[in-house]
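S.K.: Dumping the structure here so I can ask a few things about it.
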Amino acid sequence: MSLLFRHWQQRWRMPELRLLLLALIVSVTVVTSVGFFSSRVENAMQAQARQLLGGDLVLTSARPLDKAYVQRAQALGLETAETVSFPSMASISDKLQLTQLKAVSSAYPLRGDLKTAAAPDAVEVLSTGQIPARGEIWAEARLFAELEVQAGARVTLGRSTFKLTRVLTQEPDRSSNLFQLAPVVLMNVDDLPATELLSPASRARFNQLFAGQVKLIKQLQQELEPQLKSTERVRTLDEDLSSVQQTLQRSGRFLGLAALLSVVLAGAAVVLTSASLMRRELPAVAVLKAMGMSRRQVLLDHAFSLLLTALLAAAIGVVLGLVLGLVLQLGLAEWLSRFVGKDLPAPSMMPALNGLLTAVVLLLGFALPPLLRLVNTSPMQILQGALQRPQQSLWLVVGCVVLAVFGLLWLQARDVKLAGLLLVGLVVGIGLFWVLAGAALRLAQHLGKRVGGGWLPALGRSQRAVLLVVVFATGLFALLLLTTVRTDLLDRWQETLPADAPDHFLINIQPAEAAPLQGFFSEHGVKATLYPMIRGRLVAINDKPVKPEDYEEQRAQRLLEREFNLSSFTTFPASNALLEGQWFDGKQSGLSIEQGIGETLQFGMGDKLTFDIAGQRLSDTVTSVREVRWDSMQPNFFVIAAPGSVTTMPQTLITSIHLGDKKPLVTALIRQFPSVTAIDVGAIVNEVRSLVEQVSLAVQGIFVFTLIAGVVVLIAALQSQKAERRRELAILKSLGAGQALLQRRIWGEFLLLGALAGALAGLLALTAGNVLAYYLFDLDMHLNLLPLLMGTLLGSMLVGVAGYWNLRGLLQVLPLSLLKA
Amino acid sequence: MNKTVIQTTHLVKTIPQAGRELQILRGVSLAIDIGESVAITGLSGSGKSTLLGLLAGLDLPTSGTVTLFGQNLEGLDEDQRAALRLGRVGFVFQSFHLLENLTALENVMLPLELGASGTDRTRLATEALQQVGLAERLSHYPNQLSGGEQQRVALARAFVTRPQVLFADEPTGNLDRETGKEISDLLFTLQAQLQTTLVLVTHDETLAARCQQHYRLVEGALV
């Protein structure tokens, strides 16, 4: 054992082993840090999504739910809570107000928090484990304003009268009805029967919330689903994504991609270095075998060295990855805890295991074939002068490498199909590089003959040059792709969130208030566009009535259950993109729909939609389809009707404004326009913005590692050909080539190879970047020739300098000694 | 006691080349006694190195038999043949074949490390290097040594296990005349001191003349 260890130490003197270690460290670090970062973000997202539901699993129905479900859940040891909500009028003396009444049981909410305040302008506090006591209700500040009451007032709901005790400022499962007009009133579910409000005719929604261990929740879901009645369904985390989640998801994808690129690059470095390490060991093994070393000893000796190197790399990489992951989260942890409330999920240790597995898979797949070849080296070769590598089955090599690459991709993507697709992409990409590199070199050779580049012919023929171009191009491609995608992505994100991005939504503006409100805005220098907002329920498609039960998809059912926000205006919204059809441009009929809703509810261009808007019917044909950026912080609408077509419908107006440090204006505005509701989304805007900054920092980190991986690949590729170059230089020197000539030749060759590789990489990065932006990040395609230019320049510079630097030592050596070694 | 250490009968070696069988050795029979020094000479391509490889059991003949240390090599696999050589056979090569990442001392320790543990490898290797006059060069790497010095290290490495047989393949082939002379003097001195059987392949007739036995190979056959 100590001997094996000593041999490992001795191998440290070979640059190849050090390079191998470096390549492994890079991949482990990247995998660990990105994994650490993303798993934290993902956990936070899940936690937030659970808060949106108020539990881990929600059973919802338009009819009271069977008690057997609750009994079963309790038998499994799960927590349960129930809520019943429906619209109802609240009254105080002669004043009436429509409210959204929500009766909850004592365990509510199972996930997330309730927050209340003593008065509309008082400090908000966490309401731990409490709901309104019997005979009391809590309500949103709007109810206080509408009814002009203070805390302590007595409010009548149905046949009961309640004491209005606190202002409800936050409830977990509210977000899905952000723009709900009626203020929420929270009451104890035990008070509900006495009100006699609940009748079979009331549009009530009965929810049963469950929370507990993941596997028990899954078990309950599996048991419940087959027995559900047609009116009942299960709601899970599969919710519409909020703008923050959309950003988080994109950033997760991007980081994953970045990590994948640097792992693939590091993998290439491992292939090259382990192959040249084994090639270097070939004579040693032949000598030792002649002395009596057995194959088992050879295998043990080298496998031990490789394994120890992998473990060392994994240890260093995991520590570095954790540190880097922590640094990336410094700002994020605090931010996430604000975002998801007090229970910030603990970081998982999976990424560390992933890092270790990455190192092992890299070595197993990439070093195993050359190791087996080494073991089978014939000692006889040592007597035959030229050392020839033992024959090896091509299928074994290809099989090992493909399996290892697939393993790596799977470790990153955790999806067999995606990993398969990525593998195919990678193979096609490298094949493409190979073909293009060969063609480009032949072209260079052809042109070289004309301009008298005497050494160029050699270049065109050699597989060595093609290999170098492919390797360099792959490395440069990763760097360029990352640079362009990163810059594009961040720029375009920033664009969607400019410094003056709206931070307040104003809703519930009465049409009569529109003119005075605009006056108020211009007086205070606030820019705002008012949009009509009409609440309508989709009742028929092409005159055929639609019901939630007609659809299997949960989202479709939800969309049909609640009312959509419709609008009508002349100017095409800047944050939308027209996908099909024509914008109204003066026409007075037609509907413009959002792409997603059309896909979900299965309607599109030319279909006739009928909406029920407070008893009135609106029927029209779809004349355009839009793509909407929900994270734009602008009012967005699923359906927009032609200008003028809905003026007679009951409506309010909505707008979004940027107040920044003029925030106190809100109070003045509400005082002047009491029925207007202001929703502060500044916090969300800041969250998205700080997330973008955080992600860009994370990407810089990954970028640095990809750069290191790229340089390691470059050196590994050069190192793998050094022996051959050494002989070649010796021959040229012995034929009388002077230093200056050789220098020119080396510079010329590497500058050309680098430029070719860079141009190829730029071209492919340009294409791939656009494809990725479009399909993965929902961004538009655009032509940016910078990668091509940058690739060519960067490639020739980087490869030229590295190539010369790698070989410069050989220029000083005497030809004889070159030949002897 | 049997005093023959290596014996061959009708050794034939053919290799496939360009679709045909190329015969490298055509029925070589010889016997080498313990402590004897034997030279095998011949032109380039006469099959000298192939014969050396077969004698040492590095490869197997197409037909005929090789007996090494009284053991017929036929039917032994690569590892069994390696075990037979372990600690009893030394090698010296034309291009030295020292491990570049190891110091002179570590290179000499290598064959000791292959065998049983417990021996004081550092002491034995140091003594071996002292014997070849490189006491001052223990921690030098091969690229810091001259060609002659490198071959001395190779000699120390070959003799450090006190092998019964030493196979030398053109030991002076890469050296100038003077250094070559020094190396061959050292080789024969050590061989005599340790009473090692020496099998030497060379095309240097003066070197061959210093051996007790001299076989000449012409086109794969002894003459």
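S.K.: Could you tell me whether residue B:175 is more than 30 Å from residue B:26 (Cβ to Cβ), within 14 Å of chain A (Cβ to nearest Cβ), in contact (Cβ under 8 Å) with a residue 12 or more places away in the chain and part of a helix (DSSP H, G or I)?
M.R.: Details: more than 30 Å from residue B:26 (Cβ to Cβ): yes; within 14 Å of chain A (Cβ to nearest Cβ): yes; in contact (Cβ under 8 Å) with a residue 12 or more places away in the chain: yes; part of a helix (DSSP H, G or I): no.
It is false that residue B:175 is more than 30 Å from residue B:26 (Cβ to Cβ), within 14 Å of chain A (Cβ to nearest Cβ), in contact (Cβ under 8 Å) with a residue 12 or more places away in the chain and part of a helix (DSSP H, G or I).
Condition check ((1) touching a Gly at 6+ places or on another chain (Cβ under 8 Å); (2) open to solvent by 40 Å² or more (accessible area, probe 1.4 Å); (3) away from chain B (no Cβ under 14 Å); (4) at pLDDT below 85) across all residues:
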site	(1), (2), (3), (4)
A:380	yes, no, no, yes
A:392	no, yes, yes, yes
A:396	no, yes, yes, yes
A:403	yes, yes, yes, no
A:408	yes, no, yes, yes
A:413	yes, no, yes, yes
A:416	no, yes, yes, yes
A:422	no, yes, yes, yes
A:431	no, no, yes, no
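S.K.: Spot the failing condition for residue B:19; the list is (1) open to solvent by less than 60 Å² (accessible area, probe 1.4 Å); (2) under 21 Å from residue B:220 (Cα atoms), and only one is missed.
M.R.: (1)
S.K.: Hey, among A:525, A:536, A:596, A:590, which residue is under 24 Å from residue A:656 (Cα atoms) and surrounded by 18 or more Cβ atoms within 10 Å (Cβ to Cβ)?
M.R.: So the residue among A:525, A:536, A:596, A:590 that is under 24 Å from residue A:656 (Cα atoms) and surrounded by 18 or more Cβ atoms within 10 Å (Cβ to Cβ) is A:536.
A quick yes/no check of all residues on (1) touching an Asp or Glu at 6+ places or on another chain (Cβ under 6 Å); (2) within 16 Å of residue A:647 (Cβ to Cβ):
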residue: A:515; (1), (2): no, yes
residue: A:519; (1), (2): no, no
residue: A:524; (1), (2): no, no
residue: A:529; (1), (2): no, no
residue: A:538; (1), (2): no, no
residue: A:552; (1), (2): no, no
residue: A:560; (1), (2): no, no
residue: A:568; (1), (2): no, yes
residue: A:577; (1), (2): yes, no
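S.K.: Would you check which residues across the range A:487-522 are at pLDDT 80 or above and more than 18 Å from residue A:660 (Cβ to Cβ) and list them?
M.R.: Answer for the range A:487-522, where residues must be at pLDDT 80 or above and more than 18 Å from residue A:660 (Cβ to Cβ): A:509, A:510, A:511, A:512, A:513, A:514, A:515, A:516, A:517, A:518, A:519.
S.K.: Can I ask one more? Go over the candidates A:68, A:107 one by one and state the one that is more than 38 Å from the chain's Cα centre (by Cα), aliphatic (A, V, I, L, M), within 20 Å of residue A:216 (Cα to Cα) and at pLDDT below 90.
M.R.: Working: A:107 fails: more than 38 Å from the chain's Cα centre (by Cα).
It is A:68.
S.K.: For the range A:540-564, what are the residues that are in a strand (DSSP E or B) and open to solvent by less than 30 Å² (accessible area, probe 1.4 Å)?
M.R.: Listed by number, the residues that qualify are A:540, A:541, A:564.
S.K.: I need the full set of residues from the range B:41-78 which are within 19 Å of residue B:172 (Cα to Cα), without any contact (Cβ under 8 Å) to a residue 40 or more places away in the chain and exposed (fewer than 14 other Cβ atoms within 10 Å of the Cβ), in order please.
M.R.: Of everything in the range B:41-78, just one residue is within 19 Å of residue B:172 (Cα to Cα), without any contact (Cβ under 8 Å) to a residue 40 or more places away in the chain and exposed (fewer than 14 other Cβ atoms within 10 Å of the Cβ), namely B:45.
S.K.: Just checking, how many residues over the range B:107-123 are open to solvent by 20 Å² or more (accessible area, probe 1.4 Å), in contact (Cβ under 8 Å) with a residue 12 or more places away in the chain and within 9 Å of chain A (Cβ to nearest Cβ)?
M.R.: 1
Yes/no per residue for (1) open to solvent by less than 100 Å² (accessible area, probe 1.4 Å); (2) at pLDDT 85 or above; (3) in a helix (DSSP H, G or I):
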residue: A:769; (1), (2), (3): yes, no, yes
residue: A:778; (1), (2), (3): yes, no, no
residue: A:782; (1), (2), (3): yes, no, no
residue: A:787; (1), (2), (3): yes, no, yes
residue: A:792; (1), (2), (3): yes, yes, yes
residue: A:802; (1), (2), (3): yes, yes, yes
residue: A:805; (1), (2), (3): no, yes, yes
residue: A:808; (1), (2), (3): no, no, yes
residue: A:817; (1), (2), (3): yes, no, yes
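S.K.: Which of the numbered conditions does residue B:104 fail, given that it passes all the others? Conditions: (1) more than 8 Å from every other protein chain (Cβ to nearest Cβ); (2) in contact with an Asp or Glu (Cβ under 7 Å, 6 or more places away or on another chain).
M.R.: (2)
S.K.: Within the range A:77-99, can you find the residues that are within 27 Å of residue A:224 (Cβ to Cβ) and surrounded by 17 or more Cβ atoms within 10 Å (Cβ to Cβ)? Break it down stepwise before answering.
M.R.: First, pick out the residues of the range A:77-99 that are within 27 Å of residue A:224 (Cβ to Cβ): A:77-86.
Passing the criteria: A:78, A:80, A:81, A:82, A:83, A:84, A:85, A:86.
S.K.: Can you tell me which of (1) in contact with a strand residue (DSSP E or B) (Cβ under 6 Å, 6 or more places away or on another chain); (2) modelled with pLDDT of 90 or more; (3) not β-branched (Val, Ile, Thr) is the one residue B:152 doesn't meet?
M.R.: Here residue B:152 meets the rest and fails (1).
S.K.: A follow-up question, please. Of all the residues that make up the range A:278-308, how many are at the interface with chain B (Cβ under 10 Å from one of its Cβ atoms), of a type in the set (Lys, Arg) and either surrounded by 17 or more Cβ atoms within 10 Å (Cβ to Cβ) or at positive phi (or both)?
M.R.: Total satisfying the criteria: 3.
S.K.: Something else about it: Is there a residue being hydroxyl-bearing (Ser, Thr, Tyr) and away from chain A (no Cβ under 12 Å) anywhere in the range B:21-38?
M.R.: Residues of the range B:21-38 that are hydroxyl-bearing (Ser, Thr, Tyr), as a first pass: B:29, B:37.
Those still in the list that are away from chain A (no Cβ under 12 Å) too: B:29, B:37.
Yes, the conditions are met somewhere in the range B:21-38.
S.K.: Within the range A:319-335, identify whether any single residue is among the polar types (S, T, N, Q) and at pLDDT 85 or above, and answer yes or no.
M.R.: no
The values are calculated or read from the model by the stated rules, or taken from the named source; none is laboratory data. All values reported here derive from a predicted model rather than from experimental measurement. Reconstructed Cβ throughout: ideal geometry from the backbone, glycine too, with neighbour counts over all protein chains shown. Heads up: the accessible areas ignore ligands, DNA and RNA and are worked out on the full protein's heavy atoms, side chains in. Shrake-Rupley method; radii C 1.70, N 1.55, O 1.52, S 1.80 Å.
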